[in-house]
Amino acid sequence: MYRNMFVHTRLLAYKRLDPDISFEVFVISNHKSEYEFEGIGVLEGTADNLRARLDLGQFDKIVIHFLTYKMVQVLLEYKNIPQIVWVHGFEALSWKRRLFNARSPKFLGYIFKNSIQLHAFHHYVEENINAHFVFVSKWMKKIASDDTDSIFHYSSIIPNGIDSHIFSFQKKDEKQRYKVLLIRPFTSRKYATDIAMKAIEKFSMEKDFLKYTFTIAGEGKYLKKDTAHISKLSNVTIIPSFQSQEQIEQLHNSNGVFLCPSRQDAQGVSMCEAMMSGLIPITSRSTAIPEFVDNQKDGYLTNSVEDIVDALRDIGNSPIKFGNMSVNSHQHVLDKCEQDNVIQKELSLIVRV
């Protein structure tokens, strides 16, 4: 769990809202260790270690992130304790939805492990009908139900929260409609970096291309291959590294358009962060993304490279539309995903269940 800092930031936020609430974190691991991190007690260990901890009988609720096959059997032994399960994606999605990674030499191994995982997930849902499941989108709930052949008797839709203090809105200058930003891992075809680069390459044939600047930030095995045809363009800047939160904030402030096509997203957190900052997303009409972007109102939902080119052209030709869409983009995510509101919803759910 503490390989995922978003869990830790949640717990700190819960404690700020309710100082009397106490948490202990258990991380499934092959080795055992115990430590404290920023006031939160953390224990790492095996399923047997988890069982021993739960045997102490001092827990009122069990909150689970990433329900994996390694913990299912132990958790089912404690159905008397209310359990809330956050479903993030990989633990409940079939390998068939990741065929865009099929050329990876590790894909066959992934199919085998995924089959075990989906069976275990289904078993948990079937045996613990009182468990409450939390999904970040309606799409995520539907696909998890389909792929694990499960019916969720109790569930909520709560998106991941976006910090409006870090990703604060600043009114965009109309010239920023020509400043395009892409921040993506180049590690998986799910992030569609190949599609984004092909769109930039195709757009380079447009007469107004040199009015635009493109900043591409990210790292991964596909970076060199995907950017090969655009890396020498004078208005393309490539930052081949992971960006810190502070660096992302600076990039948001200096750009107006966020290029983020995707083959699969349960929400699109980096897209929502950019929208909170007032950037206009050019993304894909895919998976959960239409739940977070209203086409032509606060962003562009595209189906092809040609659609992306059309969107870039449209925003460049429309300074007034750009300003309106920037405000709408921020407001949409503020209303739907503002972190303080999301944390309140999550904590209320934990207390209520």
Residue order, fewest to most beta carbons within 10 Å, for LYS232, LYS172:
LYS232, LYS172
Take the chain, connect every pair of alpha-carbon atoms lying under 10 Å apart with a spring to form a Gaussian network, then pick out the residue of LYS207, LYS142, LYS297 with the largest mean-square fluctuation.
LYS207
Given R₀ = 22 Å, FRET efficiency for SER254-LYS221 by Cβ-Cβ distance, to 0.05?
0.20
Taking only Cα atoms, what is the 0 to 90° angle, nearest 10, from helix 107-127's long axis to the longest principal axis of the chain?
50 degrees
Per GNM of the chain with C-alpha springs under 10 angstrom, the most fluctuating residue out of GLN250, GLN264, GLN296 is GLN250
At 7 Å along the Cα-to-beta-carbon direction for both ILE111 and MET205, put a label point, then send me their distance in nm to one decimal.
3.7 nm
Simple spin-label estimate for ASP146/LYS70, 7 Å along Cα→Cβ, in nm, reads 3.0 nm
ILE320 paired with ILE28, simple spin-label distance in nm, labels 7 Å along Cα-to-beta-carbon
5.7 nm
For ILE238, ILE116, ILE143, what ranking results if the residue with the fewest other Cβ atoms within 10 Å of its Cβ goes first?
ILE116, ILE238, ILE143
Using r as the Cβ-Cβ distance of GLU174 and ASN130, and R0 as 56 Å, what FRET efficiency do you calculate, to the nearest 0.05?
0.55
Given (1) 69, 45, 36; (2) 74, 46, 34; (3) 84, 39, 35, the label whose value is Cα extents along the principal axes in Å derived from this model
(1)
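Quick note: the coordinates plus some simple rules give every number you see, no bench work behind them. Values in this document were obtained by computation on a predicted structure and should not be read as measured data. Cβ atoms come from the backbone with ideal geometry, glycine included; neighbour counts cover every protein chain shown.
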